[in-house]
1. How about the stretch 119-128: which of its residues are at pLDDT 90 or above and either surrounded by 14 or more Cβ atoms within 10 Å (Cβ to Cβ) or among the basic types (Lys, Arg) (or both)?
2. Quick one: which of 103, 54 is farther than 15 Å from residue 123 by Cβ and not in a loop (DSSP other than H, G, I, E, B)?
3. Kindly check whether there is at least one residue in the stretch 42-64 that is surrounded by fewer than 16 Cβ atoms within 10 Å (Cβ to Cβ), charged (D, E, K, R) and modelled with pLDDT of 90 or more.
4. Going by the structure shown, is residue 17 among the β-branched types (Val, Ile, Thr), in a helix (DSSP H, G or I), under 13 Å from the mean Cα position of the chain (by Cα) and assigned by TED's automatic domain parsing to the domain that holds residue 100?
5. Any residue at all in the stretch 2-9 that's surrounded by 13 or more Cβ atoms within 10 Å (Cβ to Cβ), in contact with a Lys or Arg (Cβ under 9 Å, 6 or more places away or on another chain), in the same structural domain as residue 121 (by TED's automatic domain parsing) and closer than 22 Å to residue 114 by Cα?
6. All but one of (1) in the same structural domain as residue 9 (by TED's automatic domain parsing); (2) of a type outside the set (D, E, K, R); (3) modelled with pLDDT of 90 or more hold for residue 36; state the number of the condition that does not hold.
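The values are calculated or read from the model by the stated rules, or taken from the named source; none is laboratory data. The structure presented is a predicted model; accordingly, all values stated were derived computationally and were not measured. All Cβ positions, even for glycine, are placed from backbone atoms using ideal geometry, and neighbour counts span all protein chains on display.
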Amino acid sequence: MKKLINITFVRYGIVGIFNTFLYFSILFILIKEKLFNLQISTAIAMIFTSLSHFLFNKLFTFKVNVFSYNELLKYILACFINYLAALVSLNFFLNLMDIGPLFSTFASSGITMVISFCVSRFWVFKIS
């Protein structure tokens, strides 16, 4: 019997939730303590959680224990692909489907999560 829920996808979702919490925690601390302005704080949080996302998905989600610069470059390119997918899907929901910005962002996030998972699983971390 085929599994209804792929455990790798569940782990991917857990890493995503953890990184979202981590991102906003870092951002909150940097802004609350007035260490940096919003733009710099956002960049720091984004860089830190991108690295965290890469490492947790590599080690926890996809169980890859060997480091490769090629893999890191693929991950960076995957982030760019995900960003483009987010822009396209957001534009689709906002302008073509005439859906409000909040729901459009939510729907776009769901689409980009699936795309990002597939790109990570079948290209960046390539599990057979």
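1. Here is the first cut: in the stretch 119-128, the ones at pLDDT 90 or above are 119-125.
Answer for the stretch 119-128, where residues must be at pLDDT 90 or above and either surrounded by 14 or more Cβ atoms within 10 Å (Cβ to Cβ) or among the basic types (Lys, Arg) (or both): 119, 120, 121, 123, 124, 125.
2. Details: 54 fails: farther than 15 Å from residue 123 by Cβ.
Only one candidate qualifies: 103.
3. Within the stretch 42-64, one or more residues are surrounded by fewer than 16 Cβ atoms within 10 Å (Cβ to Cβ), charged (D, E, K, R) and modelled with pLDDT of 90 or more.
4. Details: among the β-branched types (Val, Ile, Thr): yes; in a helix (DSSP H, G or I): yes; under 13 Å from the mean Cα position of the chain (by Cα): yes; assigned by TED's automatic domain parsing to the domain that holds residue 100: no.
Considered against the rule, which asks whether it is among the β-branched types (Val, Ile, Thr), in a helix (DSSP H, G or I), under 13 Å from the mean Cα position of the chain (by Cα) and assigned by TED's automatic domain parsing to the domain that holds residue 100, residue 17 comes out as no.
5. Of the stretch 2-9, the ones surrounded by 13 or more Cβ atoms within 10 Å (Cβ to Cβ) are 8-9.
Pick out the ones that are also in contact with a Lys or Arg (Cβ under 9 Å, 6 or more places away or on another chain) and you get 8-9.
If we keep only those that are in the same structural domain as residue 121 (by TED's automatic domain parsing) too, we end up with none.
Scanning the stretch 2-9, I find no residue that is surrounded by 13 or more Cβ atoms within 10 Å (Cβ to Cβ), in contact with a Lys or Arg (Cβ under 9 Å, 6 or more places away or on another chain), in the same structural domain as residue 121 (by TED's automatic domain parsing) and closer than 22 Å to residue 114 by Cα, so the answer is no.
6. (3) is the only condition that residue 36 fails.
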